[in-house]
Amino acid sequence: MKPAAPTMPVPQIVANLLAITEALARLVIEENKRLEARRPRDIEPLQNEKQKLTLAYGRELAQLRASADWPSRISAADRERLRDATRLFEAAVGENRRRLSAMRTISDGVIRAIGDAAARLARPVQGYTARAAMAAAGMRSVSPPRPVSIALNQRV
């Protein structure tokens, strides 16, 4: 199936793509700052705008690709500006990916440590008899552990 013809001139599509790419780069850079400050919950309000920009980018790119001769209709200056904006955006996304992965690793480690601590508390400690022999299974030389409850919220 052949894509629909563009509804606006190629230079206008390129200008829109440039503006959207720059806006996306600024947004991802802001996310990175919030992640660097260890405030991952503060990136949530940015997600709606990022989604809108991403959808707009896809629409503009489809418009551009609908023009068979679009590469020849972009000025060298616009091509360079678009290339620079794309490089900035890709670098910001790469950093964002690394920061999110690090935050996920830290969160997983914290959750694992909490789970391990709860499991240790739930396991009976095997003690020794008065003669320094291991206590038989079922015999406890120490008081039984108390049940442990843990609750996790979005801050973990």
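Look through the range 30-44, keep the residues that are within 13 Å of the chain's Cα centre (by Cα) and either hydrophobic (A, V, I, L, M, F, W, C) or surrounded by 17 or more Cβ atoms within 10 Å (Cβ to Cβ) (or both), and return whichever of them is nearest to Ala92 (Cα to Cα).
Asn32
Given the options Arg104, Arg99, Arg112, name the one that is touching a helix residue (DSSP H, G or I) at 6+ places or on another chain (Cβ under 8 Å) and either more than 30 Å from Leu27 (Cβ to Cβ) or at pLDDT 70 or above (or both).
Just a single option satisfies the conditions, and that option is Arg99.
Could you go through the range 45-55 and let me know if any residue there is surrounded by 12 or more Cβ atoms within 10 Å (Cβ to Cβ), of a type in the set (Ser, Thr, Tyr) and within 15 Å of Pro11 (Cβ to Cβ).
No, there is no match, as no residue in the range 45-55 is surrounded by 12 or more Cβ atoms within 10 Å (Cβ to Cβ), of a type in the set (Ser, Thr, Tyr) and within 15 Å of Pro11 (Cβ to Cβ).
Kindly establish whether Ser101 is part of a helix (DSSP H, G or I), surrounded by 14 or more Cβ atoms within 10 Å (Cβ to Cβ) and without any contact (Cβ under 8 Å) to a residue 60 or more places away in the chain.
Against the criterion (part of a helix (DSSP H, G or I), surrounded by 14 or more Cβ atoms within 10 Å (Cβ to Cβ) and without any contact (Cβ under 8 Å) to a residue 60 or more places away in the chain), Ser101 does not qualify.
Do we find that Ala85 is touching an Asp or Glu at 6+ places or on another chain (Cβ under 6 Å) and either in contact (Cβ under 8 Å) with a residue 24 or more places away in the chain or part of a helix (DSSP H, G or I) (or both) in this structure?
yes
The values are calculated or read from the model by the stated rules, or taken from the named source; none is laboratory data. Every value quoted in this text rests on a predicted model; they were computed, and no experiment measured them. All Cβ positions, glycine included, derive from the backbone under ideal geometry; neighbour counts span all protein chains shown.
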